[in-house]
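Novice: Can you keep this structure in mind? I'll have questions shortly.
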Amino acid sequence: MRRTMTATAMTLTLMLMLSACGDDGKDAKASATASSNKAGTTTPSPTPSPTPQTYSYEKAADLTIDRTFKGYDRFSATAVDGKFKTAEFSSSDTAVTSFVKSENKITFADSSDLPNGGVFAFPGISGGSGLYIQSGGRLVALGLPSALSSYQYFVFAEYADAGTYRHFVIGAPTNPAEINGTGTLTYAALIGEEGNKAGVKPAPLTVDLAKSTIAGTVPLIHDGGQATDVALTGTIDATKHIKGTFQSSDGKVTGEFRGRPFGPGGKELAMVVAVRKDDGTLASTRLTGTLK
């Protein structure tokens with residue numbers, strides 16, 4: 001679903017939808033202690049070894065239990081007069097987004113600047129495996145649209161009000177060690193897949209691990225269901241975050257993306273996407289894909 005912020009976009013309805021579905025830690029500094037072996041010399045204490053990150057591949061879309069999602073890729077925007085005016089992408093491998101089922105409480109990672117410090121709870125609402133709550137001019141969402149229920153290892157989180165929008169992709173990212181090497185990962189991918197009512201076929205999007213690049217021409221599904229092919233180019237870094245840009249052949253549709261592979265062996269690909277049309281309007285959507 002593409003999000004285009006307008007001043008009237010927020011309704012006062014409250015709904016719960018079933019879904020079938022950063023700051024990194026600072027390096028520790030070793031303290032120096034005096035040594036009594038020789039006058040005038042000191043022996044530094046050893047630098048603590050960093051705690052290695054662990055990777056598990058639980059089903060990310062299972063929100064029937066408490067969840068903790070470490071790391072994110074994020075699109076952030078501000079709005080003026082109902083339109084997105086600024087856009088920024090960011091990533092983290094350590095910041096945590098959490099969900100407490102008993103309170104239907106979501107804590108957005110690196111979002112203390114949001115109302116309530118980025119923490120939103122909806123006690124008394126029962127049922128469902130995902131939240132999509134729109135009330136009082138504010139949207140809070142966590143989960144997968146039903147059209148993306150075949151994906152296992154990622155979910156999307158969203159926050160929006162009249163002046164702020166944030167869109168996260170989180171879940172069970174692929175251990176970088178599993179996809180190091182000189183080969184390629186080719187995904188059957190779409191942008192805006194959840195709106196693909198016309199049955200547009202996914203197209204190949206290839207990550208070249210040796211060159212640390214990503215490239216391909218992928219259909220972008222518009223709100224009305226029609227599709228525009230856009231050519232994507234970008235890079236993948238050592239931690240396997242992916243970023244880049246895209247453009248249609250006529251130059252009328254451009255944009256940026258940020259995301260990463262998820263699941264064992266990079267089984268799935270998910271990215272947050274900002275789309276800019278030639279009229280200057282800006283919208284948010286998603287790129288999703290399955291390893292071929």
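Novice: Taking 41 Å as R0, compute the FRET efficiency from the Cβ-Cβ separation of residue 58 and residue 83 and round it to 0.05.
Specialist: FRET efficiency, residue 58 to residue 83: 0.60.
Novice: Below 18 Å, Cα to Cα, which lysines can residue 252 reach? Residues fewer than 8 away in the same chain don't count.
Specialist: 277
Novice: What number comes out for accessible area per residue over region 204-292 if the probe is 1.4 Å? Units Å², please.
Specialist: Value for region 204-292: 39 Å² per residue.
Novice: What's the extension gain from residue 217 to residue 290 if we count 0.36 nm per residue and subtract their Cα-Cα distance?
Specialist: 24.8 nm
Novice: Next question, about the same structure. Which distance in nm do the two modelled labels at residue 198 and residue 98 give, with both placed 7 Å along the Cα-to-Cβ direction?
Specialist: For the pair residue 198/residue 98, the computed spacing is 4.5 nm.
Novice: Now a separate question. Roughly what would the spin-label model give for residue 119 and residue 65, points 7 Å off Cα along C-beta, in nm?
Specialist: 2.4
Novice: What is the distance in Å between the Cα centroid of region 95-122 and that of region 232-292?
Specialist: If you average the Cα positions of each part, the centres end up 26 Å apart.
The values are calculated or read from the model by the stated rules, or taken from the named source; none is laboratory data. Keep in mind the model is a prediction, meaning the values are calculated, not measured. A quick note on method: Cβ atoms are made from the backbone with ideal geometry, for glycine too, and the neighbour counts reach across all protein chains shown. Each accessible area value is taken on the protein alone, full model and side chains, heavy atoms only, with ligands, DNA and RNA left out. Shrake-Rupley method; radii C 1.70, N 1.55, O 1.52, S 1.80 Å.
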